[in-house]
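Heads up: the structure comes next, in structure tokens.
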Amino acid sequence: MNAPISGAGRYIGQRVLRKEDLRLLTGRGQFVDDVSIAGVLHVAYVRSEIARGRIVSMDLEAARALHGVHAVLTAADLGKFNARCSNMHLHHNDGPITRPLTEEFVRYVGDPIAMVLADSRYIAEDAVALVWVDYEEEDPLITVEDAMSGPLVHPDRESNVLLQIGLPPNPEFEKIMASATHVVTGTLRHQRIAQSTMEARGVVSNPTGMDELTVHIGCQSTHIASAAIAQAFELPENKVRVVAKDVGGGFGLKAQPWREEVGAIAASLLLRRPVKWIEDRFEALTTSCPARESDITTTMAFDKDAKLLALACVYNSNNGAYPHMPDAGMPVMMFMPGPYRIPVYQFVGKAWLTNTVGLGGYRAPWAIEALARESLFDKAARQIGIDPIEIRRRNLLTASEVPCLNALGLEIDNITPMECLDNLLTKIDVPAFRAEQAEGRKQGRYLGLGIATYIEPTAANGVFPLLSDHAQITIDHAGKVIANLSTHSQGQGIETTHAQIIAEQLGVNVDDVTIYQDDSTRSGFGPGGAGSRQAVVAGAAIIRAAKILTDKVKAIAAHALNANPNDVTIEDGMVKVAGAEAMSRSLKEIAELAYGDAKRLPPDMEGGLEAQYRYTAERMFTHASAAHACIVEVDRETGFTNILRWISSEDCGVQINPAIVEGQIAGGLAQAIGVVLHEEFTIDARGNPTAVTFKDYHLPAITDVPTFEYTHITTPSFSDGGFRGVGEGGMIIGGPTLLNAIADAMLPFGPLPDALPMSPTKLHNLMQNEPVV
Amino acid sequence: MSDHEISMTVNGRTCTSRVEGRMTLGDFLREKVGQTGVHMACEHGVCGACTILVDGLAVRSCLMFAVQADGADVTTVEGAAAPDGSLSPVQQAMRECHALQCGFCTPGVVMTLTSLTQGATKSDEKTLLNAMSGHLCRCTGYQGIRKAIKQLAAGEAA
């Protein structure tokens with residue numbers, strides 16, 4: 001049962017065209033704003049214009065009097081429906097009490113203080129403009145430095161440190177630092193990132209019946225959304241139906257309903273009317289939980305052979321006022337050792353509260369570990385005087401060293417970073433590049449090569465709800481296949497990949513398989529799109545459910561045809577008996593038997609062709625491995641970084657659909673390019689966001705992203721199917737690969753600044769120095 | 001607010017409606033004509049998701065008022081495929097090249113590429129690439145869009 005499938009089957013491993021694309025290319029998808037319900041009221045939020053202060057008075061009369069306005073609600077009006085939000089773990093994690101509307105004290109620019117419900121969004125926005133608020137303004141805390149010395153963001157808390165984590169001090173550490181041959185330190189400041197799903201957040205909440213609620217919402221799991229809504233409003237979870245057919249990107253932002261979505265649902269419950277809130281881009285860029293803002297100082301100690309003796313990190317994160325969950329760097333701490341041999345490890349991390357919008361999780365929330373570690377390896381290589389590839393070779397765990405426990409006690413097993421690096425280096429001629437680079441520098445061309453290696457922890461098993469996934473597969477009476485999965489797609493292509501797995505396992509045509517994952521009441525509970533898990537865990541659940549179903553088909557066919565079940569196979573939707581061509585029956589004929597002719601089934605067999613399985617991965621993590629390289633040229637005239645080449649070498653186990661695997665890698669890499677070169681959620685000294693449209697907040701465009709080259713190696717994982725996750729890897733490794741390339745290119749001008757992004761302005765300033773070649 | 005009676009052809013059918021002067025063409029097509037394939041994503045004319053054809057030219061429907069399209073011939077993504085439902089060359093190329101993931105930016109990409117390749121219009125790869133620099137996609141890293149552009153420029157998608 002545990003044997004991996006080969007990876008080159010009829011469907012597994014094939015670049016099957018996506019089923020989703022037919023509706024998405026023709027405008028027939030159904031996103032949340034496409035849902036229309038009679039009598040729906042449209043929400044626009046009244047938001048704080050200051051970052052910190054007390055609301056002295058609010059004049060809502062003019063807004064309430066506007067024609068077409070049904071209600072203007074404050075926190076007091078919402079009353080018990082101004083419910084407490086919980087994160088994707090259905091937990092509060094001791095975070096600040098977070099409700100849709102703030103009652104008295106505003107804590108960031110954009111803090112929702114009232115909501116207008118009107119016949120249209122146009123009218124709702126008109127009414128928002130008629131609301132007058134008087135504030136008693138205080139000086140806001142914008143940065144972590146402000147938070148260290150400023151007054152409390154939440155006066156009910158003891159300090160502005162929301163959470164502190166760390167490893168117990170290791171007495172060996174100071175001794176190693178004192179005696180190590182080489183000690184290297186670096187600080188990296190990660191800017192705040194606007195998540196920028198192309199479809200912003202949105203919800204349509206429809207109270208149905210006495211105590212039922214149907215909610216259409218942009219989410220990453222209908223089940224988590226349903227559970228979080230039920231928890232907030234103390235409703236029975238089985239009465240909250242969440243529907244989400246198409247979702248235009250999630251990335252972590254939509255992992256849980258947050259203030260504005262919960263607010264719209266609250267209004268629908270209070271008014272007993274359908275209510276719709278569709279976030280606009282201004283809201284999305286200013287008040288939709290952004291990500292990442294943190295800094296990390298990393299120290300590495302090496303022996304005379306450039307082998308790591310110890311690693312230490314100090315991490316601080318600007319969590320804003322109401323984060324999805326406190327971020328003191330727990331996953332950063334867990335994944336910092338990565339694929340390396342690190343005997344002694346120290347980590348201290350703090351989450352700081354400030355008067356900025358709360359931080360959210362964003363694709364690979366721990367990705368700063370790879371940025372910090374991999375850029376420091378390059379710095380160490382330069383300081384020690386060895387090649388950046390060589391320093392990795394000396395410190396990467398090799399096949400003979402695993403399984404092992406890393407410095408944190410986490411099991412590292414079945415990884416292939418060294419193999420990925422070897423494979424990468426077959427695609428790039430490093431000595432030839434170095435010669436070109438040296439020649440280029442003489443001519444005033446600044447080329448750089450960056451390399452990074454990592455392991456990606458996928459399919460986490462251990463923290464609720466990241467536990468298991470469920471597959472329920474039916475061959476209907478007409479012989480076609482319907483599967484209800486606990487998964488959810490925000491673009492990952494699960495309707496295609498998981499149909500491929502089913503088609504392969506059942507022996508049917510992939511066109512005859514339809515996947516549903518859009519309704520919390522139709523499928524088993526699952527965490528959906530979170531933690532690069534759906535191929536691994538739901539894929540394995542499918543394999544096991546399909547096995548049960550296949551066995552049943554074989555048993556029915558064997559009984560009806562008087563054959564041995566072991567001689568029965570299903571191929572292309574035909575049920576065949578070995579050596580008896582004439583006895584072949586279509587799956588439809590067997591299904592008709594299973595559903596309609598109980599007397600012809602084996603004794604005591606339940607009718608129908610339905611099977612289900614809930615799968616839990618055996619390991620805490622299923623690791624994917626990778627090594628990437630990129631070559632850049634930085635223009636001295638403009639400071640602009642031009643990416644000339646990018647090669648991805650990865651091992652995500654058995655690939656279900658290489659086109660979709662490469663799509664996941666490419667999407668993550670583009671987001672990483674955005675982090676390193678372009679994107680920045682900027683805030684002025686009074687706490688006002690200043691990048692409020694896509695003209696000011698620079699997402700990478702097609703001209704910023706090169707054509708990626710891919711090379712794959714395939715080492716099956718321990719899970720059924722042999723799959724590994726691939727959702728976050730590009731985002732993790734893209735950053736350090738590009739940062740290292742820029743640092744290499746800029747070497748003649750000195751070290752890079754600490755703070756991302758490496759904008760043309762910053763690089764241009766640095767290039768005012770005379771190059772030292 | 002002033003109301004205006006307007007009439008236009010949308011995907012081959014005549015639509016007549018009263019609208020406020022301030023209603024954008026994008027909102028009109030979504031809310032009054034039911035063409036929800038028109039996706040509003042930035043509402044500043046930057047991201048391109050809401051692109052449609054007005055009298056054959058690619059237009060950002062968030063930057064145009066419905067009243068400005070009075071009398072115009074409008075095509076949205078719903079009108080891009082052939083009447084029998086078969087995908088247009090642009091749609092087919094995008095499908096074959098895995099040029100989309102979540103699909104939210106996709107309708108605008110389809111319409112801009114359509115405007116530059118429809119009928120006798122021929123565009124080379126560079127022209128199409130430059131046009132795509134006005135479309136934002138957060139999912140794909142543009143790899144499939146680049147491939148689709150190559151295919152369309154080479155005239156392979158038939």
- Once phi for every residue in region A:751-766 is put through the Karplus expression 6.51 cos²θ - 1.76 cosθ + 1.60 (θ = phi - 60°), the whole-Hz ³J(HN,Hα) values, with Gly and Pro written as x, are x, 5, x, 6, 9, 6, x, 8, 6, x, 4, 5, 5, 4, 4, 5
- Just tell me the longest site-free run in chain A, where the sites are GluC sites (Glu not before Pro) in a DSSP loop having at most 15 other beta-carbon atoms within 10 Å. A:235-605
- Message: At 222 nm, what value in deg cm²/dmol follows for chain A if DSSP H runs of at least 4 each add -39500 (n - 2.57) and the sum is divided by all its residues, to the nearest 500?
- Response: -8000 deg cm²/dmol
- Item | Under 9 Å, Cβ to Cβ, from A:A230 - net charge with Lys/Arg +1 and Asp/Glu -1 | -1
- Where the only charges are on Cβ atoms (+1 Lys, Arg; -1 Asp, Glu), what is the dipole of region A:54-187 about its Cα centre, to the nearest 20 debye? 580 debye
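About the Cα centre of region A:271-329, how large is the charge dipole given +1 on each Lys and Arg Cβ and -1 on each Asp and Glu Cβ? Please answer in debye to the nearest 20.
Working: 7 positive and 8 negative charges, 75 e Å.
Charge dipole, region A:271-329, about its Cα centre: 360 debye, nearest 20.
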- Query: With θ set to phi - 60° and the Karplus curve 6.51 cos²θ - 1.76 cosθ + 1.60, what are the ³J(HN,Hα) couplings of region A:645-651 in order, to the nearest whole Hz, using x for Gly and Pro?
  - Reply: 7, 8, 10, 9, 10, 9, 10
- Would you work out which of A:F621, A:M574, A:L609 lies farthest towards the positive end of the dipole of region A:559-642? Charges go on Cβ: Lys and Arg +1, Asp and Glu -1. A:L609
- Summed over the other residues with a beta carbon less than 14 angstrom from that of A:L405, with K and R at +1 and D and E at -1, the charge totals -1
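At a 10 Å Cβ-Cβ cut-off, how would you order B:M111, A:M210, A:M731, B:M40, fewest neighbours first?
Numbers: B:M111 30, A:M210 6, A:M731 26, B:M40 21.
Neighbour counts put them in this order, fewest first: A:M210, B:M40, A:M731, B:M111.
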- Message: How compact is region A:1-149 by the rule of thumb for globular proteins, expressed as Cα Rg over 2.2 N^0.38 Å?
- Response: 1.58
- Item | Of all DSSP beta bridges in chain B, antiparallel share, percent nearest 5 | 90 percent
- Query: Counting Lys +1, Arg +1, Asp -1, Glu -1, what net charge surrounds B:G71 among other residues with beta carbon under 14 Å of its beta carbon?
  - Reply: -4
- Item | Computed Rg/Rh of the protein assembly as shown, alpha carbon atoms with Kirkwood Rh | 0.97
- Treat the count of other C-beta atoms within 10 Å as a stand-in for reagent exposure and order A:L167, A:L485 from fewest to most. A:L167, A:L485
- Message: I need the helices of chain A that pass two filters: whole DSSP H segments spanning 15 Å or more by Cα along the axis, and mean Kyte-Doolittle score no lower than 0.5.
- Response: A:222-233, A:259-271, A:539-561, A:658-673, A:729-745
- Quote the Stokes-Einstein diffusion coefficient, in whole µm² s⁻¹, for region B:34-158, based on the Kirkwood radius over alpha carbon pairs, a temperature of 37 °C and a viscosity of 0.692 mPa s. 227 µm²/s
- Message: Taking 25 Å as the cut-off for C-alpha to C-alpha distance, list the pairs among A:K442/B:K126; A:K442/A:K762; A:K480/A:K547 that go past it.
- Response: A:K442/B:K126
- Note on the structure: In chain A, taking the dipole from +1 charges on Lys and Arg beta carbons and -1 charges on Asp and Glu beta carbons about the Cα centre, the listed residue (A:N406, A:T714, A:F694) farthest towards the positive end is A:T714
- Given Cβ charges of +1 for Lys and Arg and -1 for Asp and Glu, the option among A:H70, A:S179, A:S584 whose Cα lies farthest towards the positive end of the dipole of chain A is A:S584
- Message: 5 Å is the cut-off here: which amide hydrogens, built 1.01 Å from N in the peptide plane, fall below it relative to A:E293, excluding neighbours closer than 5 in sequence?
- Response: A:I193
- Task: Taking each pair of different alpha-carbon atoms in region A:631-729 once, compute 1/r for the pair, average those values, and report the inverse of that mean as the Kirkwood hydrodynamic radius in Å to one decimal.
- Result: 16.0 Å
- B:T24 long-range amide H proximity, modeled H, under 5 Å: B:A66
- Message: At 222 nm, what value in deg cm²/dmol follows for chain B if DSSP H runs of at least 4 each add -39500 (n - 2.57) and the sum is divided by all its residues, to the nearest 500?
- Response: -8500 deg cm²/dmol
- Task: Collect residues whose amide H, placed 1.01 Å from N in the peptide plane, falls under 5 Å from the amide H of A:S586; neighbours closer than 5 in sequence don't count.
- Result: A:V575
- Note on the structure: Whole-Hz Karplus couplings 3J(HN,Hα) for region A:61-68, θ = phi - 60° and coefficients 6.51, -1.76, 1.60, Gly and Pro as x, run 4, 4, 5, 5, 7, 5, 4, x
- Task: Taking the Cα centre of the protein assembly as shown as origin, work out the dipole magnitude from +1 charges on Lys and Arg Cβ and -1 charges on Asp and Glu Cβ, in debye rounded to 20.
- Result: 1100 debye
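Any read-out appearing in this document is the output of simple, stated calculations on the displayed coordinates, not a laboratory observation. Bear in mind the structure is a predicted one, so any value in this text is a computation, not a measurement. Reconstructed Cβ throughout: ideal geometry from the backbone, glycine too, with neighbour counts over all protein chains shown.
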